[in-house]
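Structure, as structure tokens:
Every read-out reported here was derived from the displayed coordinates using simple, explicitly stated rules and does not represent laboratory data. Because the structure is a prediction, the values reported are computed rather than measured. For neighbour counting, all protein chains shown are included, and Cβ atoms are generated from backbone atoms with ideal geometry for every residue, glycine included.
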Amino acid sequence: MTDPKDSLQKIKDKALADYARHISPMKVRTLTQAGVNLIEDKREGTSVWDITGKKYIDCMTGAGIMNVGRRNPDIINALKQALDRLDIGVFLFMSKQKADLARKISEITPGNLSCTVFGVGGGEAVDTAIKLARGYSMKPEIIYTDKAYHGHTGFALSAIGRDSFREPFEPLMPRFKKVPYNDAKAIEGAITDDTAAVILETIQGEGGINVPSDDYLPKVRRICDEHDVLLILDEIQTGMGRTGKMFACEHWGVTPDIMTIAKSLGGGIYPISATVYREELQDFFIPHPFVHLSTFGGADLGCVVALATIEYIQKNNLLENATKMGDRFRNGFNRILASFPDLLLEVRQKGLMMGLQYSNGSIGPRMTKKFAERGVLAVYTGNDPSVCRLMPSLVITPEEVDFVLNALDDSMKELSEEGGIGKND
């Protein structure tokens, strides 16, 4: 009799082979070496199952797509009901779904952010933000930061602070100027009469979970105001409750002129993004109502899903849970920091946006594999393999937090016993 596990493994092997042949052989090779070559099958809550049946707690979540959990039944039910009477709609036409979501976004965003342009993904939202800043100000220059990540589309790619993403496609959009992150003086020194906007991630994600000093964003806001420069905050990873606030900028009492939202806005079910801005900037779109179009942006089905996602976050107190579970992680991290000072140097964290700074870059890939062996998906960041990014769903329970911490502790013990790892290795 054939072992069912053997049959499932054959299905997995065939899927990996097809993926390698028809999509990306190097992705398959890299993820296999890192021990995370799962073929996603069942998804529920904080977890995902490989097609062979192995369960993992997902601490990757597409860098923050699954804040309300994977296949959240409330969000799925909202979509199912909408499918009985709606389709994606037409971008050029008005709909109640678009109007309802835009109004709700104006209610949950800080300060005077009240107008929205919808898109499909984060890169598109950033493109829209930069286009709006240039169009409104009639100035060409954009200041961005080192290690920044804003997406891979046209304008967004020009604001990425990682050369390997940029170099194959140069020359990129002109008049983009890079400065160090968390350095307000550098921003002020870079501003000229041609500067339209400063664009920042509120907390850098791909760059290594870099949390700014408490005075950074307030200083940048003041500098932008003094020089009549727009401030764009990218909340694509940090938004929708990830840090214990609906948007991370609220921790520092800063409201941007333009904010980008994506990833978890769609509840892990339907792709949708939003570029939100203060009403004064509407002056650009009034004479140009059709200057920016997005065929699938703000699809009526996506708007229904986004509204259900916001409602779920609010009704189920996920901001509070992100704070409490973040504190529980922090207590565990402190114990592990004390136990393995040669392997784990620092933890950078705001709520459930967490980064583990290992002592050198070789540890990241090795720890990714050890985590996976213990049923946890957690990978090193693209900009820095010495940093592990942990971004579990906000529905995570105390027991699941402890499971991840135990996996970290056991992996660190095994790595320490293997030896040969120092801060300069």
Report task. Count charges around Ile88 for me, please; just the other residues with Cβ under 12 Å from its Cβ, Lys/Arg as +1, Asp/Glu as -1. Result -> -1
Query raised in the report: Over the range 73-315, what is the mean sequence separation of C-alpha contacts under 8 Å (at least six apart), divided by residue count, expressed as relative contact order in percent?
Result: 30
Requested in this report: Count charges around Leu233 for me, please; just the other residues with Cβ under 10 Å from its Cβ, Lys/Arg as +1, Asp/Glu as -1.
Outcome: -3
Query raised in the report: At what distance in angstrom do the alpha carbon centres of the range 212-281 and the range 1-35 lie from each other?
Result: 39
**Report entry** Filtered chymotrypsin sites (Phe, Trp or Tyr not before Pro), the range 40-104: DSSP coil and at most 13 other beta carbons within 10 Å
**Finding:** Phe93
Report task. Could you bin all the Cα-Cα distances of the range 98-206 into 10 Å bins starting at 0 and give me the percent of pairs in each, rounded to whole numbers? Result -> 14, 42, 35, 10, 0
Report task. Mind checking the full-extension length gain between Ala190 and Glu373? Use 0.36 nm per residue of separation minus the Cα-Cα distance, one decimal, nm. Result -> 61.2 nm
Requested in this report: Quickly estimate the mean residue ellipticity at 222 nm for the chain, helices only: each DSSP H run with n ≥ 4 gives -39500 (n - 2.57), and the total goes over all residues, rounded to 500.
Outcome: -12500 deg cm²/dmol
Query raised in the report: GNM on the chain, C-alpha springs below 10 Å: top fluctuator among His288, His251, His227?
Result: His288
Report task. Compute the distribution of all C-alpha to C-alpha distances in the range 154-222, in bins of 10 Å from 0, and list the percent of pairs in each, rounded to whole numbers. Result -> 17, 49, 31, 4
Requested in this report: Would you mind checking the range 342-372 for residues with the amide N under 17 Å from a putative spin-label position 7 Å along Cα→C-beta of Asp410?
Outcome: 367-372
Query raised in the report: Spin-label point model (7 Å from Cα, Cβ direction): what's the Glu311 to Met94 distance in nm?
Result: 2.3
Query raised in the report: Hey, how much of the P(r) for the range 49-130 falls beyond 18 Å, as a percent of Cα pairs?
Result: 65
Report task. Please give the length that would be gained between Asn112 and Phe169 if that part of the chain were fully extended, namely 0.36 nm times their separation in residues minus their C-alpha to C-alpha distance (nm, one decimal). Result -> 16.8 nm
Query raised in the report: Using θ = phi - 60° and the Karplus curve 6.51 cos²θ - 1.76 cosθ + 1.60, what whole-Hz ³J(HN,Hα) does each residue of the range 344-350 get, with Gly and Pro shown as x?
Result: 10, 8, 7, 10, 10, 7, 9
Query raised in the report: What residue among Leu92, Leu265, Leu31 has the largest mean-square fluctuation in a Gaussian network model of the chain, using Cα springs under 10 Å?
Result: Leu92
Query raised in the report: Using the C-alpha gyration tensor of the range 73-315, what are the square roots of 5 times its eigenvalues, in whole angstrom, with the largest one first?
Result: 29, 19, 17
Report task. Report, in whole Å, the centroid distance computed from the Cα atoms of the range 284-334 and the range 169-203. Result -> 26
Report summary line: So Asp283 and Asp327, fully extended at 0.36 nm per residue minus their Cα-Cα distance, gain in nm 11.5 nm
Query raised in the report: ³J(HN,Hα) across the range 144-152 via Karplus (A = 6.51, B = -1.76, C = 1.60, θ = phi - 60°), whole Hz, x for Gly/Pro?
Result: 10, 10, 4, 6, 5, 9, 10, x, 10
Requested in this report: Determine ³J(HN,Hα), in whole Hz, for all residues of the range 378-395 in sequence, where each value follows from phi through the Karplus function 6.51 cos²θ - 1.76 cosθ + 1.60 and θ = phi - 60°; x replaces Gly and Pro.
Outcome: 8, 10, 6, 6, x, 7, 8, x, 8, 10, 9, 9, 10, 9, x, 4, 6, 8
Query raised in the report: Taking Cα centroids, how far is the range 116-167 from the range 335-349 in Å?
Result: 35
**Report entry** Fluctuation leader among Ile142, Ile203, Ile23 - the chain, Gaussian network, Cα springs under 10 angstrom
**Finding:** Ile23
**Report entry** Helical segments meeting 24 Å axial Cα length and Kyte-Doolittle -0.5 threshold in the chain (DSSP H)
**Finding:** 318-339
Report summary line: Sorting Ala248, Gly207, Ile269 by the position of each Cα along the dipole of the chain (Lys, Arg +1; Asp, Glu -1; all at Cβ), the one nearest the positive end of that ordering is Ile269
Report summary line: A correct fewest-to-most ranking of Thr192, Thr243 by other Cβ atoms within 10 Å would be Thr192, Thr243
Query raised in the report: Put a dot 7 Å past each Cα toward the Cβ at Asp87 and Asp225; how far apart are the dots in nm?
Result: 4.8
Requested in this report: Could you point to the label whose value was computed as Rg/Rh (Cα atoms, Kirkwood Rh) for the structure here, given (1) 1.01; (2) 0.97; (3) 1.08?
Outcome: (2)
Report task. Provide Arg366, Arg242 in ascending order of the number of other Cβ atoms located within 10 Å of each residue's Cβ, fewest first. Result -> Arg366, Arg242
